[in-house]
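Before any comments, here is the structure.
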Amino acid sequence: MLLSITHRATGVALAVGALLLVCWLLALASGASIGREGPTVQVGASIMHSLRRYARFPALDIDRGLILAGGAAGIAAAFNTPLAGVVFAIEELSRSFEERTSGVILTAVIIAGVTALALVGNYTYFGRTSVALSVPQMWVAVPVCGILGGLFGGLFSRGMLFARMGLPAPLRRLHAERPVIFAAVCGLLLALIGWASGGATFGTGYHEAHEILQNGADPPGGFFVLKALATLVSYVTGIPGGIFAPTLAVGAGLGGQLHEWMPLIPSGAIVVLSMAAYFSGVVQAPLTALVIVMEMTDDRSLMLPLMAVALLARVVGAAVCSEPLYRSLAKRYLPVEGPPAA
């Protein structure tokens, strides 16, 4: 999506990135269900794009190199997941890996990672886990988590696309003609969802996901559904927030629910698999799902089950929502191209 933004007349500016960051902080303080990777990716891309004036880069290298590098650096710094930043740039931001941009991306990710370490120290986003499917019978969790995670992830993607394209005409008019009233209605919906969940749906969902994963806490009733609804409503308002953290929280809630149905399988294993499955079902990026969950938990013992569950969820998610979420959302930023010149 960031690559498409560069084609707009206003371009990607540092001032815009700073304004997005301020808006995100205000929205998060208000209880919106958003992640922090959205503004960090955009701010990172803005910074890298602004540096083009200090070097002689062809236009294509600016778009494919600096913007991708800034986006990847934003992901790496937001979650202390440098490998996930690179994979995200390959799999989501560019959908292809070009040799001439690889050095720029890797350099930006390394610098972002070192800076994050210097500021906040070495940490793992969700803490360290050590779980495994120790007996063959436990592998039943892979198809269950993969199918359900992909199904719910695909439904969430369809909901996001519907929120962008299929809102009823009265709501579209209200959004266009009375944006303040529209935002107030969305805020009321978020408050009602938060009340129904006991406040669990407010914010990024990090605390809830951490408790479910590390302490085996039981998620509030219907948490993963309510968190997904809160994220959808937050998106409709136009808040410049990301969906990574809320998506992982929804996946953790789904895993906590599934553990109640499969109590003989370690809770941590089901939660980790469900996080990867739901994430892969939403963004249809199994490599990113695999790497980001592994880096966030610092656990390699579930590598093979994670690979299987991410690929299965991607297939199921694509069957439910055929158009990848980020690719579809990016289309609204593409310029309308006229007929080719004679």
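The values are calculated or read from the model by the stated rules, or taken from the named source; none is laboratory data. As the structure is a computational prediction, the values presented were derived from the model and not from experiment. We place every Cβ from the backbone using ideal geometry, glycine too, and count neighbours over all the protein chains shown.
Of all residues being touching a residue at least 60 places away in the same chain (Cβ under 8 Å) and not in a helix (DSSP H, G or I) in the range 231-240, which is nearest to PHE79 (Cα to Cα)? Just the residue, please. Break it down into steps so the answer makes sense when it comes.
Filtering the range 231-240 for residues touching a residue at least 60 places away in the same chain (Cβ under 8 Å) gives 231-237, 239-240.
Checking which are not in a helix (DSSP H, G or I) leaves us with 237, 239-240.
Values: THR237: 25, ILE239: 20, PRO240: 18 Å.
Out of the qualifying residues, it is PRO240.
Whether a residue is at positive phi and of a type outside the set (Phe, Trp, Tyr) was assessed, and GLY238 passes this test.
Among residues that are under 25 Å from ALA319 (Cβ atoms), in the same structural domain as ALA200 (by TED's automatic domain parsing) and without any contact (Cβ under 8 Å) to a residue 40 or more places away in the chain, ALA289 is included.
For the range 282-292, indicate whether the set of residues that are at pLDDT 90 or above and either at negative phi or touching a Lys or Arg at 6+ places or on another chain (Cβ under 8 Å) (or both) is non-empty. Yes. Looking only at the range 203-222, decide whether some residue is free of Cβ contacts under 8 Å to residues at least 60 places away in the same chain, in contact with a Leu (Cβ under 7 Å, 6 or more places away or on another chain), among the polar types (S, T, N, Q) and in the same structural domain as PRO286 (by TED's automatic domain parsing). No, the range 203-222 has no match at all. Considering the range 228-240, and only residues there that are of a type in the set (Ser, Thr, Tyr) and buried (at least 24 other Cβ atoms within 10 Å of the Cβ), the residue that is modelled with the lowest pLDDT turns out to be SER234.
For the range 295-309, enumerate the residues that are in contact (Cβ under 8 Å) with a residue 40 or more places away in the chain and not polar (S, T, N, Q). GLU295, MET296, ASP298, ASP299, LEU302, PRO305, ALA308, VAL309 - these are the residues of the range 295-309 that are in contact (Cβ under 8 Å) with a residue 40 or more places away in the chain and not polar (S, T, N, Q).
Would you mind stating whether LEU258 is surrounded by fewer than 24 Cβ atoms within 10 Å (Cβ to Cβ) and closer than 25 Å to VAL135 by Cβ? So that I can check it myself, show each step before the final result.
Numbers: surrounded by fewer than 24 Cβ atoms within 10 Å (Cβ to Cβ): yes; closer than 25 Å to VAL135 by Cβ: yes.
Considered against the rule, which asks whether it is surrounded by fewer than 24 Cβ atoms within 10 Å (Cβ to Cβ) and closer than 25 Å to VAL135 by Cβ, LEU258 comes out as yes.
Cβ separations smaller than 6 Å between residues 6+ apart or across chains give no pair from the range 162-184 residues that are closer than 28 Å to PRO324 by Cβ and not assigned by TED's automatic domain parsing to the domain that holds GLY238 to residues that are at pLDDT 80 or above and among the polar types (S, T, N, Q).
Right, LEU304: part of a helix (DSSP H, G or I), assigned by TED's automatic domain parsing to the domain that holds ARG158, buried (at least 23 other Cβ atoms within 10 Å of the Cβ) and among the aliphatic types (A, V, I, L, M) or not?
no
Yes/no matrix, rows are residues, columns are (1) modelled with pLDDT under 85; (2) of a type in the set (S, T, N, Q); (3) over 20 Å from VAL271 (Cα atoms):
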| residue | (1), (2), (3) |
| --- | --- |
| GLY166 | yes, no, yes |
| HIS175 | yes, no, yes |
| PRO179 | yes, no, yes |
| LEU190 | no, no, yes |
| ILE193 | no, no, yes |
| GLU208 | no, no, no |
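Here is a yes/no grid of residues against (1) β-branched (Val, Ile, Thr); (2) surrounded by fewer than 24 Cβ atoms within 10 Å (Cβ to Cβ):
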position: GLY216; (1), (2): no, yes
position: LEU254; (1), (2): no, no
position: VAL271; (1), (2): yes, no
position: MET275; (1), (2): no, no
position: TYR278; (1), (2): no, no
position: VAL282; (1), (2): yes, no
position: PRO286; (1), (2): no, no
position: ASP298; (1), (2): no, yes
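Condition first: under 30 Å from ARG314 (Cβ atoms), out of contact with any His (no Cβ under 9 Å at 6 or more places or on another chain) and free of Cβ contacts under 8 Å to residues at least 24 places away in the same chain. Can you find one or more residues in the range 139-160 that meet it? Checked the range 139-160: no residue is under 30 Å from ARG314 (Cβ atoms), out of contact with any His (no Cβ under 9 Å at 6 or more places or on another chain) and free of Cβ contacts under 8 Å to residues at least 24 places away in the same chain. Can you confirm whether the range 241-258 contains a residue that is at pLDDT 90 or above, over 29 Å from CYS186 (Cα atoms) and either hydrophobic (A, V, I, L, M, F, W, C) or outside any helix (DSSP H, G or I) (or both)? Yes, because at least one residue in the range 241-258 is at pLDDT 90 or above, over 29 Å from CYS186 (Cα atoms) and either hydrophobic (A, V, I, L, M, F, W, C) or outside any helix (DSSP H, G or I) (or both).
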